[in-house]
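Working notes for the structure below.
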Amino acid sequence: MADARENPARSAFLTTIILAFVVVTIASLLVLRVERIAPGSNITTGATAFWWAIVTMTTVGYGDFVPVTHTGRIIAVVLMTFGVGIFAVLTSFMASHLVIWRSDRNDLLELVREENAIIRAEIAELKALITQQLETDT
């Protein structure tokens, strides 16, 4: 819980990944239960149901496995809706991560420029002192 409070973006990302896995698992189990006994269905094993759920959730929809029952199609609609939402969250996480990375990079670049200006000023001051010392010695 402390880690979730310290880094909410990472915990939201992990929560979304877990939610995606749970949604795919539940949808594949539900569609398998409905479709395996339906005449003309090609979703008859756990592996095909899981494949169908992943392809449907990502909205790729190859069409190699499709539900033939009304209940199976309703499950597909719900799964597609969840899939769009889950991938929207994942995309926003990646975009915000890139923005934060770029912001941190710009902050670091500004810090290096400031330190460079300080070092240049110190070098100029040392040159002036050395020149003054040489003039005094001669």
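So what are the radius of gyration and Dmax for the Cα set of the range 35-84, in Å?
10.0, 30
Choose one answer from Gly40, Gly72, Gly83: the residue with the largest mean-square fluctuation in a GNM of the chain with alpha-carbon springs under 10 Å.
Gly40
Probe 1.4 Å, all protein chains in place: accessible area of Glu115 in Å², nearest 10?
Surface open to solvent at Glu115 totals about 100 Å².
Considering the chain as a Gaussian network with a 10 Å cut-off on Cα pairs, which listed residue, Ala20, Ala88, Ala128, attains the greatest mean-square fluctuation?
So, out of Ala20, Ala88, Ala128, the one fluctuating most is Ala128.
With axes computed from alpha carbons, what is the tilt in degrees of helix 70-137 against the longest principal axis of the chain, rounded to the nearest 10 within 0 to 90?
10 degrees
Let a ≥ b ≥ c be the square roots of the eigenvalues of the Cα gyration tensor of the chain; is it rounded (a/c under 1.5), or, if not, prolate (a/b larger than b/c) or oblate?
Working: a/c = 6.63, a/b = 4.70, b/c = 1.41.
Note, shape of the chain comes out prolate.
Viscosity 0.890 mPa s, temperature 25 °C: Stokes-Einstein D of the range 5-79 from its Kirkwood Cα radius, in µm² per second? Walk me through the numbers before you get to the answer.
Numbers: Rh = 12.9 Å.
Rounded to a whole number, D works out at 190 µm²/s.
Size of the dipole of the chain about the Cα centre, Lys and Arg at +1 and Asp and Glu at -1 on the beta carbon, nothing else charged, in debye to 20? Can you show the working numbers first?
On the way: 10 positive and 13 negative charges, 240 e Å.
Value, rounded to 20: 1160 debye.
Taking Cα atoms, how many degrees apart are the long axis of helix 8-35 and the longest axis of the chain, rounded to 10 and kept between 0 and 90?
In the chain, helix 8-35 runs at an angle near 10 degrees to the longest axis.
Let me have the relative contact order for the chain, percent, based on Cα pairs under 8 Å that are six or more residues apart. Walk me through the intermediate numbers first.
Details: 102 pairs, mean separation 28.3, N = 138.
After rounding, I find 20 percent.
The values are calculated or read from the model by the stated rules, or taken from the named source; none is laboratory data. Keep in mind the model is a prediction, meaning the values are calculated, not measured. Every residue, glycine among them, receives a Cβ derived from its backbone with ideal geometry; neighbour counts consider all protein chains shown. Heavy atoms of the whole protein, side chains included, go into the accessibility calculation; ligands, DNA and RNA do not. Shrake-Rupley method; radii C 1.70, N 1.55, O 1.52, S 1.80 Å.
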